[in-house]
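Student: Have a look at the structure that comes next, please.
The values are calculated or read from the model by the stated rules, or taken from the named source; none is laboratory data. All of these numbers come straight from a predicted model, not from anything done at the bench. Note that each Cβ is placed from the backbone with ideal geometry, even for glycine, and that neighbours are counted across all protein chains shown.
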Amino acid sequence: MNESGEPAPESTSTSGRDALPEEQQKILARAIRLERFSIVFLVVTVAMVAAVSGQSQAMKAAWLEDSMSLLPPIAFLVAARRIRKGSSREFPYGHHRSIGVAHVVSAAALLGMGAFLVIDSVTTLVKVERPPVGLTVLFGHGLWAGWLMIAVMVVTNIPPIFLGRMKMKLAEPLHDKVLFADADMNKANWTSALATVIGILGIGVGLWWADAAAAIAVSVSILHDGVKNLRAAIRGLTDGQARTFDEKEPHPLTAQVEQTARATTWVADAVGRVRDEGHVFHVEMFVVAADGEEITGQRCEDLRAALHDVDWKIHDVVIAPVVRIPAEQAFREP
């Protein structure tokens, strides 16, 4: 019973995938199906690009980029499976941080591959290695191999644009940064494809350096994605300030839970420490009782329930009664 004599709200919650409300579980299921389709599509794409790449540096970069594009959806699916497990003595916070680990793995792979490709492409340019793009026989007719390369790049890079948009729509309501990073890469694939096509056309008109230049452009794109995502992933795993799914700004839920706590009648002041666990947040709320007010277990439980009700992402809440807000926690929103 709470202070008004009514039954206290339920504040317990599970720590596996069931921590997500029904709507988010449906969104997660759609995201899983979308990522499975992406993997199948990428496997076919990698095979097609490898079949026509020849000695083109730009096509080599495109092939490696497509290969690396497999990592985010694979990491997402592994993490989605991992978070099914509930909390235990060994993992008291559950396994939601698997999303953050998946983010680090895919970002680190992108960063490493981007760096390798930049070095490799620059070396090719410096050594003045001229890529041979000759004729190929198709249905009994001779055809410049460059046209096949361009056709494959166009065909294989239009679907990812739409896949990226579909994933982006799911990333925000799910608060999934791995899905967002994958969607962002898919949407940007057309720029890499365009650079590759320009490089191939450059070879066709005798500009041998255009191929390596295009490869550098693709490599820099991969490197940029890797740096951006690795920075965001490390920030999350090292308990940086909880931010929105796209990392553009601090997450508004931090201010909302603090406002909810401070609006409680027996609370004089409150400051929260919010940790992004993946799809959900862990909140430690430091509270100072108002003069003449007593902090009881029931009051803390009611406050926990109230904070849970702020948003579905507020999953795990700890109320820490203190005499005064610790100096190291006395952060205020501007």
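Student: Regarding the stretch 299-318, can at least one residue be identified that is at pLDDT below 90, on the phi < 0 side of the Ramachandran plot and touching a helix residue (DSSP H, G or I) at 6+ places or on another chain (Cβ under 7 Å)?
Tutor: Yes, that holds for at least one residue.
Student: Would you point out which residue out of T191, T238 is among the hydroxyl-bearing types (S, T, Y), within 24 Å of I83 (Cα to Cα) and surrounded by fewer than 16 Cβ atoms within 10 Å (Cβ to Cβ)?
Tutor: T238
Student: Being of a type in the set (V, I, T) and surrounded by 20 or more Cβ atoms within 10 Å (Cβ to Cβ) narrows it down to one of I39, I32, I83, so name that one.
Tutor: Every option except I83 fails the conditions.
Student: For residues in the stretch 46-72 being in a helix (DSSP H, G or I) and touching a Phe, Trp or Tyr at 6+ places or on another chain (Cβ under 9 Å), which is surrounded by the most Cβ atoms within 10 Å (Cβ to Cβ)?
Tutor: Out of the qualifying residues, it is V49.
Student: Suppose we filter A233, A270, A263, A215 for residues that are over 27 Å from the mean Cα position of the chain (by Cα), crowded, with 16+ Cβ neighbours inside 10 Å and of a type outside the set (S, T, Y); which single one remains?
Tutor: A270
Student: Continuing with this model, one more query. Tell me, please, whether a residue that is farther than 22 Å from A79 by Cα, in a helix (DSSP H, G or I), of a type in the set (S, T, N, Q) and in contact (Cβ under 8 Å) with a residue 12 or more places away in the chain can be found in the stretch 219-242.
Tutor: Yes, the stretch 219-242 has at least one match.
Student: Something else now. Looking at the stretch 35-54, is at least one residue farther than 17 Å from L148 by Cβ, among the hydroxyl-bearing types (S, T, Y) and modelled with pLDDT under 85?
Tutor: No, there is no match, as no residue in the stretch 35-54 is farther than 17 Å from L148 by Cβ, among the hydroxyl-bearing types (S, T, Y) and modelled with pLDDT under 85.
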